[in-house]
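Visitor: Structure below; questions to follow.
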Amino acid sequence: MSIIETSIIASTPNSIAPEARQITFGSEIVRKLIHIGSLSIPIMYYYASRTTALEILVPVAVLSFVADMGRHYFGPIERLVNRLFSGIIRPHERQSGLLSGATYVMIAALFCVLVFPKLITITAFAILIVSDASSALIGRKFGKHKFLDKSLEGSLAFVVTAWIVILITPKAGTGLMEYAIAMIAAVIGGIAEASSARSRMDDNLSVPLSIGFVMWALYFLLGELDPAHFGALYDAMMRFS
């Protein structure tokens, strides 16, 4: 473990010794490969209606939450989870009553679908999946300079990959301003990811929410400048719902 990793981990709000708060880099890779599988959520939502998405996400999120809580209080569930995922569960996630990152992903997906227009949800969630994985792996491997609670290298990887994602995700078709809005929101998302320890919020939740609310606020400000334009923009964002 590097000096920067030890410094960053020492700032997290729990009582586990710093050297025990990390999983191995190999386990981190496995964890992020599973995380990448969550790209199925924004892809599915692109083609499905909000109602269909909720019909899928609600039971999955509830099941994930029940299993996560069950592993803390019921021996059989705990043994099953440990048998399947022992190597990739972070030490702090083993503390009584705490949820795993996977459950936070499902909660975040459910919240975003409920609250944000479809275009914003797809963009924010795709950034979470791709850029969170990039940040973690680059930060663990090459992080040398501290930035908030993470490494500068990891945070830069987050922003760069987020901007690449923005070039691919669907747009309402109103011009370059859309890209600027999403890129600004991605930087805020990177800051949220890097400050997850001091904010005491899991980054699987803080990242898509911060990106979503910033995008929505900036779109709103754009609409305030031209109300008719914003009405058409909102309709375009919702057109798949």
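The values are calculated or read from the model by the stated rules, or taken from the named source; none is laboratory data. All values derive from a computational prediction rather than experimental measurement. Ideal geometry is used to build each Cβ from the backbone, glycine not excepted, and the neighbour counts take in all protein chains shown. Surface accessibility is based on the protein's heavy atoms, side chains included, excluding ligands, DNA and RNA. Shrake-Rupley method; radii C 1.70, N 1.55, O 1.52, S 1.80 Å.
Visitor: Can you tell me which of F116, F125, F111 is under 16 Å from the mean Cα position of the chain (by Cα) and over 20 Å from M183 (Cα atoms)? I'd like the intermediate steps shown before the answer.
Guide: Values: F116 fails: over 20 Å from M183 (Cα atoms); F125 fails: over 20 Å from M183 (Cα atoms).
F111 is the lone residue from the list that is under 16 Å from the mean Cα position of the chain (by Cα) and over 20 Å from M183 (Cα atoms).
Visitor: What is the number of the single condition among (1) crowded, with 21+ Cβ neighbours inside 10 Å; (2) under 23 Å from L218 (Cα atoms) that L156 does not meet?
Guide: Every listed condition holds for L156 apart from (1).
Visitor: Next question. Go through segment 187-225 and give me each residue that's more than 19 Å from F111 (Cβ to Cβ) and open to solvent by less than 40 Å² (accessible area, probe 1.4 Å).
Guide: Hits for segment 187-225 are G190, A194, S195, A197, L222, G223.
Visitor: If you don't mind, another one. Filter segment 32-66 for residues that are open to solvent by less than 40 Å² (accessible area, probe 1.4 Å) and modelled with pLDDT under 80 and give the result.
Guide: Result: K32, H35.
Visitor: Does A136 satisfy the condition of being more than 18 Å from D203 (Cα to Cα) and in contact with a Lys or Arg (Cβ under 9 Å, 6 or more places away or on another chain)? Let's see the steps before the verdict.
Guide: Numbers: more than 18 Å from D203 (Cα to Cα): no; in contact with a Lys or Arg (Cβ under 9 Å, 6 or more places away or on another chain): yes.
Taking the combined requirement at face value, the residue does not satisfy it.
Visitor: Only one residue in A133, A124 is among the hydrophobic types (A, V, I, L, M, F, W, C) and either at pLDDT 90 or above or more than 20 Å from T169 (Cα to Cα) (or both). Which one?
Guide: Numbers: A133 fails: either at pLDDT 90 or above or more than 20 Å from T169 (Cα to Cα) (or both).
Just a single option satisfies the conditions, and that option is A124.
Visitor: If you don't mind, another one. Checking the condition more than 18 Å from the chain's Cα centre (by Cα), crowded, with 16+ Cβ neighbours inside 10 Å and modelled with pLDDT of 90 or more, which residue from I166, I181 passes? Don't jump to the end; show me each part of the working.
Guide: Details: I166 fails: more than 18 Å from the chain's Cα centre (by Cα).
From the options I166, I181, the qualifying one is I181.
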